[in-house]
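What follows draws every value from the coordinates through simple rules; no lab data is involved. This one's a predicted model, so the numbers in the text were calculated from it and none came from an experiment. Positions of Cβ are generated from backbone atoms using ideal geometry, with glycine treated the same way; all protein chains shown enter the neighbour counts.
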Amino acid sequence: MDFIGQGFIKALQLLLSGDKEVYSIALLTIKVSGTATLISLILGVPMGLYFAVARFRGREFMVGAVNAGMGLPPTVVGLWVALFFWRRGPLGFLGLMYTPAAMVIAQTIIALPLVAGLTMSAVQQLSPKLRLQILALGASPLQFWWLILHEVRLGVLAAVMAGFGRVIAEVGASMAVGGNVRWYSRVLTTSIVLEVNKGNFSLALALSFILLFISYGVTYWLTVLQQRRRQV
Amino acid sequence: MTPLLAVKDIVVRRGRRFCLKIDEFCVRPQEVVALIGPNGAGKSTLLTTLACLTPPDSGTVFFGSEKVTKKNALTVRRKLAVVFQEPLLLDNTVLENTVLGLRLRGQKQGAEDKARIWLKRFGVDHLAGQNALTLSGGEAQRASLARAFALEPKVLLLDEPFASIDVISRTALIDEFKSVLESTGTTAVLVTHDFYEVQALASRTVVLDQGTIQAEGTPAEIAVHKTWGGLSKGVSATTITNRVDGSRL
């Protein structure tokens, strides 16, 4: 159990001493997972709103795909993205393999179904009559979607938290498409795996505490935002 | 006199089942039409069709002499107002809820003042700054009615607006609602199960069953109707299941 205490102290030391490598890894972690969450938000929220309200042929299939995607194993996503971005793969000409951009793409694929699925579920919890009421008030299609989004904003924030929490914690996809290249594509989770493999448990624990600080910090900020809006 | 709202030869289906099949129905200026009938008779479907919220499978809805199409449905909707059984207020302040319809319809100047006047008229102006989701059922329905009247609709469409309110609050609210209707001369269509509401508010009553119009007349005429008179006897706020001759609806 001493390991835990030592790891916590080491984490504080690394942060307070301004260790450049640790800061670079932490910053890249925030950048990659933050960008992936943002993209999944931009794509996933309209998708969730549309799937919840619209009726079209093949909707059940699409909704099923979104729901299944919520449990997509990151390693599988990493493998598929790697197959596409591999030098001889269909998108190999883009030269994205082993870059942070490829990690963002893989993490977006992981977060997107979560954001879309939870948004869809939040909209479906609204009374169907509320949609009619908004239309009856005279809302244009754009006003309608905006008001629905406003009504489910707490659910959307929860979706963002879930999406960010999932991608910042994943390791399989980042390892597969990022390659864990030092000073370039190394993020906290891949660093932790590396240090564990090297038997350097105290550093691995220290990095895990930093990951937890970041994860909790971002989630706490989103929670404050969510609860403050709740009190309007 | 040209009716304000009318439907002609409309058919609404749910799968293979007919929900509504009406040859002709109209709402004339300044009248209050009560739509009554058993559950599943098609009253709410007719109301949402009149409100241009659910287009019929076939047939036409008219606003004045204008045919309602996909293109002009929004313009027509912006001349009407609907109050449902649930108040359906949004997660915002009561004032913001009351002002919302006016803003959506492009009326920005004086919208807040107008909303406050109507909130006062329905006795909930002191709740203007409160979140609408924290109101009691009666308060929320008052705010919902204020929101509808603030729009100054050509026709007000109401789907059992008093059904979810306790008896004491309901009687008071119906009285207030009646006085507002009379003072503004608002044309209205009211879906209800409660014959007390029909007698208090309606100038004309239409009985629907199985999606078709079965009878039409003044509330007094319907009260003594040989088949549908049962609707007026001891059925206040309850589900009507028996005809006067004892057969099940």
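At most 15 other C-beta atoms within 10 Å and a DSSP loop state: those are the exposed chymotrypsin sites (Phe, Trp or Tyr not before Pro) I care about. Give me the longest piece of chain A that has none.
Longest site-free region, per DSSP loop and neighbour criteria: A:87-182.
Residues with beta-carbon under 13 Å from that of B:Val7, excluding B:Val7: net charge, scoring Lys, Arg +1 and Asp, Glu -1?
So the environment of B:Val7 carries a net charge of -1.
How far apart, in nm, are the 7 Å Cα→Cβ label points at B:Ser203 and A:Tyr23?
Simple spin-label model gives 7.9 nm for this pair.
Would you mind giving the three semi-axes, in whole Å and largest first, of the ellipsoid equivalent to the protein assembly as shown according to its Cα gyration tensor?
One finds semi-axes of 59, 25, 19 Å for the protein assembly as shown.
Across peptide B:84-93, how many C-beta atoms of other chains are within 10 Å of each residue C-beta, on average?
Mean shielding count: 5.
Could you pull the Cα extents of the range A:2-230 along its three principal axes, largest to smallest, in whole Å?
The principal-axis extents, from largest down, are 63, 47, 24 Å.
What do you get for the angle between helix B:167-184 and the principal long axis of chain B? Use alpha-carbon atoms, 0 to 90 degrees, nearest ten.
Between the helix axis and the principal axis of chain B, the angle is about 80 degrees.
Taking B:Lys70 as the anchor, which aspartates and glutamates have their alpha carbon closer than 15 Å to its alpha carbon, excluding any fewer than eight residues away along the same chain?
Leaving aside aspartates and glutamates fewer than 8 places away in the same chain, those within reach of B:Lys70 are B:Asp57.
Taking chain A as a Gaussian network, Cα atoms linked when under 10 Å apart, which of A:Arg131, A:Arg153, A:Arg88 shows the biggest mean-square fluctuation?
It is A:Arg88.
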